Amino acid sequence: MNTYTEKDAELNPLDALREEHAEIRTVLSKFENFLKKIPNGVTESELNEISEYLDKDVELHFKREEDALFPILGNYIGIETGPINVMLIEHNSCRELTGDLNKKMESKDYKSVASAGKALIELLSEHEDKEDGILFQIAEMQLGQNEKQDIMKKMITIN
């Protein structure tokens, strides 16, 4: 996942988040290929690599959205209901599925790992599509340049 610095302050935060989505999709595709090899053809280190990415990088991405984008966009479209609320619910569902996946990996119940992994891939893929196709489109229409800069400055602090 990208680490942003002060030199990134002029970036459009929505473009930066879209790039993070592209990276997440790449990792999910790799994960899906790993799951197809279960139980015999995938190594524990490959699964641990995915687990670590989900725990650290996807969580970092969620925090950037929750702490930088959502509060400012929420001034226009609200947070308690509507698209942002749906995204928050899905973030929490992804966190729960990731925790469940990690438990199954620890127990080495690879049939359950495959099932939990597929559920997480499906939810996270659909979630990213909703953000790119709906939420970020709304944000592009609602947010001014100064607000986008404020969001990016906040994202820089979340590393």
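The values are calculated or read from the model by the stated rules, or taken from the named source; none is laboratory data. Owing to the predicted nature of the structure, the values given are computational and were not obtained by experimental measurement. Glycine also receives a Cβ, built like all others from the backbone with ideal geometry; neighbour counts cover every protein chain displayed.
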Next item on the list: Just give me the residues in the range 1-17 being under 19 Å from ILE121 (Cβ atoms) and either assigned to a helix (DSSP H, G or I) or of a type in the set (Lys, Arg) (or both), in sequence order.
Entry: none
Item checked: Residues of the range 121-159 satisfying the condition of being among the hydrophobic types (A, V, I, L, M, F, W, C) and surrounded by fewer than 17 Cβ atoms within 10 Å (Cβ to Cβ) -> LEU123, ILE134, ILE138, MET141, ILE158
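Can you list the helices (runs of 4 or more DSSP H) lying wholly within the range 71-143 that have 1 or more residues being touching a Ser or Thr at 6+ places or on another chain (Cβ under 8 Å), of a type in the set (Lys, Arg) and in contact (Cβ under 8 Å) with a residue 12 or more places away in the chain?
Counting at least 1 such residues, we get 83-107.
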Note to self: So ALA22 ticks every box in (1) part of a helix (DSSP H, G or I); (2) in contact with a helix residue (DSSP H, G or I) (Cβ under 7 Å, 6 or more places away or on another chain); (3) closer than 19 Å to SER125 by Cβ but one. Which box is left unticked?
What the structure shows: (2)
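Might you check whether a residue that is more than 13 Å from LEU124 (Cα to Cα) and surrounded by 13 or more Cβ atoms within 10 Å (Cβ to Cβ) occurs anywhere in the range 26-34?
Initially, the range 26-34 is screened for residues more than 13 Å from LEU124 (Cα to Cα), giving 30, 33-34.
Restricting the remaining residues to those that are surrounded by 13 or more Cβ atoms within 10 Å (Cβ to Cβ) gives 30, 34.
Yes, the range 26-34 contains at least one residue that is more than 13 Å from LEU124 (Cα to Cα) and surrounded by 13 or more Cβ atoms within 10 Å (Cβ to Cβ).
Taking only the range 144-159 into account, find how many residues are assigned to a helix (DSSP H, G or I) and more than 17 Å from LEU60 (Cα to Cα).
Within the range 144-159, the subset assigned to a helix (DSSP H, G or I) is 145-157.
With the extra rule that they be more than 17 Å from LEU60 (Cα to Cα), the set shrinks to 145-150.
Count: 6.
This table checks each residue for (1) at pLDDT below 95; (2) out of contact with any Lys or Arg (no Cβ under 9 Å at 6 or more places or on another chain); (3) on the phi < 0 side of the Ramachandran plot.
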residue	(1), (2), (3)
ASN102	yes, yes, yes
SER107	yes, yes, yes
SER125	no, no, yes
GLY133	no, yes, yes
